[in-house]
Each structure stands twice: as structure tokens, then as C-alpha cells.
Amino acid sequence: MENRGLDPVPDHERTGRVRTLFPTWVTANMTVLLLTVGAGLTVFNGLNLWQVLVVAVTASVLAYGLVGLVSIAGKRGGAPGMALSRAVFGQRGNLFPGALLWVVRWGWETVNAVTGSYAVLAVLDLLFGVRSTHSLILVILTAFVAASFLVSGLGIRALRICSRVSVWLFGATSLLVLVHLIVSTPWRTVLDRPPGPTAMMIAGIGTLAAGGISWVPSAPDFARYLPRSASGRAMVGAAVGGALVTILPMVMMGAVMAVSSPHLAVTKDPVAFIGELLPGWISVPYLLTAVVGMALINAMSMYSAGFTAQTLGFAVPRAWAVGVNATISLLLGGTLMMVATSFIDTFLSFLTLLGVTFSAWIGVFGVDLLRGRRYDSAALMDTTPTSGYWYAAGFSRQAMGAWGSALVTGLLFTDVEWFSGPLAASWTGRHGLGWAATILVSAGVYAALPRPADRTAGAPARF
């Protein structure tokens, strides 16, 4: 079990390898919801297969290029992302983006827990004809969240081992699905589809990239055991490569399936629908692999959320902080599975808000990183006015101003089930690029302001 919490990893414990990041980012995208997103690109956006390919590649490179870039902060500071964020926003200022990102993670974990539980229910139905009931839903959801909690509670080594195994399982079952699609798909119909508008391609990139953006603040959490000498380019390559290996085939398969089964894009239970599209000898192992993948996605998210909870002042061990998120995702997941009438609408609305929320932090943190930030471990862990990162009354006014203005800007362009900003009908809003506008505003404003002076005087990190 990993016992280290927010405290930076000393140099003699940094024995990790960049290659371990590749299966990590493959695993981070092993969700059948990508099939649903791919189907939506065909059904709602009207894109043909080649356009879906461009969208999948572009979104992966954009989102996970940022993941790889921010992961470099992990090897520099040896601490989790939201602990390193104290150096940017100030000890008190960091509580605001930290609290918001922590709450948003509840939603992300809830969506994954619900999708994984649907996969288990689909397998039970396919194998044994077991029909879903409220009691069964709660039992399956509890088991799924407990499994995620177990892996995340054990820590980074357990996550690495499980990620390596899941990559092989995912590859094997995906190959079965690909062979089936090659044989059974009416390729003439698929390939003869006319291209959709370029504007819809841009909108698709915005939707697909939003999911990847959510992993950016967590990137240092999985890179903090790497030595300082680790290649930054290799770290970016591992993030982008891992995403492409998963996102590209999943989105493409969803687009192909949607040509003959367009209801995949709108089904309330996407997992059961996928189980009906495939023969039993493929659907059962594929859905079981999906369960493993989504449990690990949840475990990764809980792992990072535990650190975020600690930065907010929860004076408990990391594993107990993870348990807080597990409990919340269980409660919210049960509500969503038994109350929500349109799972995919809820999911897409959540993705939109997710992208905007994370993007405001990314722009500020990214610019600070590119300015050559060096982290002082003593100042990071000191939350009193004596901290080198106390700034003015605990706040970096430049960072907080850029973050707040970007968050407001992003919400102006946002249009979801529960909220519509005054600029949602603009070109940026209609194409789901509120997250991009948010990053540009936060990065631009922070870069234009003078760099705040901390009391570490740019000293090297002390371990």
C-alpha cells in the first residue's frame, strides 16, 4: 500500500519509468461511452467515417498533449497536481479551484460507476437472463465502487499493475469486435456516406476533447515517481500515444455500429445496447473487459480526488480521503441509475461543464509551468503565513484573477440541460468550444500579468 500523501517524493524513491505512463493513459480511456460518442458523431453531427477519424485523432492530440505537458510538473515537484497548484494560486487561493475540481470529480466518478454497473447488469442479462431491479442496481453499484476504492486505496503500484493487465485484456477483446465488424458491417453503406459540415467536425472535436481535458490536473499524480531526468517529450508522447490507442478504435467502432444501429447514440443504457449488437461470444468478454476498464478509470479518478481532498484540509490518510469520494459516487450513482431519464444527455451536459471547469485551471497552471516554475517542497507543505507560497494573505491575485475571469467566460459560452449562457448561441458556443475559450482566456490573462513573487526566490526544490 502506498502511504505517501501530499508530501513530495524524495529523489531516492523516484525509480519510475516513463513507459509506465503509456498503459496508465490507455486505461484512462477504456470506457464504452466512447462508442456512444462515436455513434453521436455519425448520427447527430452527420460525419462520415473519415471525418470521425480526423475528429478522434485531433481531439486526442489536443487533450492529451496538455495531459503530457502538465505531467512534467509531477517530475519537477514530485507532488500531486493540486499540491503543486499551491505554488501557483497561493495556499488559500488554491482552495477555490481545488474545491471546484473536487466536486466535478464526483460527477466524473458517478458517470463511470453508473456505466460500469450497466455493463455488469448487461452481462447478467446476457448470461443468465437476470432482469434489473432497484435492489440489484444498488448491489452491483456498491460492488463496483468498492472494487474501485480497493485499487485506488492501495495506491500507485496497484494502479500500474492493473493498468498493464487491462491493456492486454482490452486489446484482445477489441480485436474480436474489430474482426466481427469487418465481417458483418455493410461497408458500402458506411463508406458511401456523404461528408458532414466542417462546423460539425469542430463541434465533435470539442465534445471528445472535453473528456481528456478532465485528466490534466491529475497528470502530475501519476508522474511524481519519475526521476528529474525523465524526458518531457517522452512523457507527452506516452500520454498522446496511450490516448490514441484507446480513443481511436473505440470512437471508430461506435461510428461504424451507428450506421446500422443509430439508436446507439441515444440509448439510456448504452452498455446493454452494445451487448445486443454483438454476438454473445464477443459481447460477454467485451463487456467484462469494459467493467474492468471502467473500474480502473474510477480508481484513477478516486486516487487523484483523495489528494485533492487532502489539499482542502481533510486531515486524514490518503486512503480514507479516497473513501470520501467513493461514498459520494455511490450515493450519486444510485440516484442517476434510478432517476435519470436520458443518460446520454446527462453525460454530454456533464462533459461540457467538465471541460470548462478544468480548463480555467489548466490555462493558469500551464503558463506558470512554461515560465520555468521550480517547486519548493517546504513551501508546498507549509499552509501557514510563513509559507513561501503565501503571496498576499494566502492568495496569488494574478492567478486568481485569471482563473475567475476564464471560468466566467467559459460559462458564458456554455449550453447544457440545466444552464444556457448568454453567448451559447455564438459560433464558439454552438461548436462546444467553451473549454477552448476558457483556456485561452486564463492563459492569456495570466501571461499578460506580472509574475507574482514568492518567498522561495526561485530556489530549487528541497527534498
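The values are calculated or read from the model by the stated rules, or taken from the named source; none is laboratory data. On a predicted model such as this, the values are computed, not experimentally measured, just so you know. No Cβ is skipped: glycine too gets one built from the backbone with ideal geometry, and neighbour counts run over all protein chains shown. Quick note on the areas: whole protein, heavy atoms, side chains included, nothing else; ligands and nucleic acids left out. Shrake-Rupley method; radii C 1.70, N 1.55, O 1.52, S 1.80 Å.
Details
- Helices (runs of 4 or more DSSP H) lying entirely in the range 37-143 (those with 1 or more residues that are at pLDDT 90 or above and either among the basic types (Lys, Arg) or closer than 30 Å to Pro186 by Cα (or both)): 49-77, 86-89
- Residue among Ala295, Ala315, Ala309 that is open to solvent by 10 Å² or more (accessible area, probe 1.4 Å), hydrophobic (A, V, I, L, M, F, W, C) and within 19 Å of Pro8 (Cβ to Cβ): Ala315
- Taking the criterion of being farther than 22 Å from Arg105 by Cα, open to solvent by less than 10 Å² (accessible area, probe 1.4 Å) and touching a Gly at 6+ places or on another chain (Cβ under 9 Å), the residues of the range 52-86 that qualify are Val52, Val55, Ala56.
- Selection count, the range 138-183, where residues are closer than 30 Å to Ser260 by Cβ, more than 21 Å from the chain's Cα centre (by Cα) and of a type in the set (Val, Ile, Thr): 6
Listed here are the residues, each with its yes/no results for (1) at pLDDT 90 or above; (2) open to solvent by 10 Å² or more (accessible area, probe 1.4 Å); (3) in contact with a Pro (Cβ under 8 Å, 6 or more places away or on another chain); (4) in a helix (DSSP H, G or I).
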| position | (1), (2), (3), (4) |
| --- | --- |
| Trp320 | no, yes, no, yes |
| Leu332 | no, yes, no, yes |
| Asp345 | no, yes, no, yes |
| Leu354 | no, no, no, yes |
| Ser359 | yes, no, no, yes |
| Gly363 | yes, no, no, yes |
| Ala378 | yes, yes, no, yes |
| Thr384 | yes, yes, no, no |
| Gln398 | yes, yes, yes, yes |
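- Considering residues of the range 190-204 that are open to solvent by 80 Å² or more (accessible area, probe 1.4 Å) and either in contact (Cβ under 8 Å) with a residue 24 or more places away in the chain or assigned to a loop (DSSP other than H, G, I, E, B) (or both) only, the residue nearest to Arg430 (Cα to Cα): Pro195
- Subset tally (residues that are touching a residue at least 24 places away in the same chain (Cβ under 8 Å) and not in a helix (DSSP H, G or I)) for the range 205-232: 10
- Whenever a residue of the range 21-33 is closer than 18 Å to Ala56 by Cα, its partners that are open to solvent by 10 Å² or more (accessible area, probe 1.4 Å) and hydroxyl-bearing (Ser, Thr, Tyr), lying with C-beta atoms within less than 8 angstrom and at least six residues away or across chains, give the pairs Met30/Thr289.
- The condition of being in contact with a Lys or Arg (Cβ under 9 Å, 6 or more places away or on another chain) and touching a residue at least 60 places away in the same chain (Cβ under 8 Å) holds for only one of Gly74, Gly107, Gly38, that being Gly74.
- The set of residues in the range 116-146 that are open to solvent by 50 Å² or more (accessible area, probe 1.4 Å), within 19 Å of Ser301 (Cα to Cα) and touching a residue at least 60 places away in the same chain (Cβ under 8 Å) comprises Thr142, Ala146.
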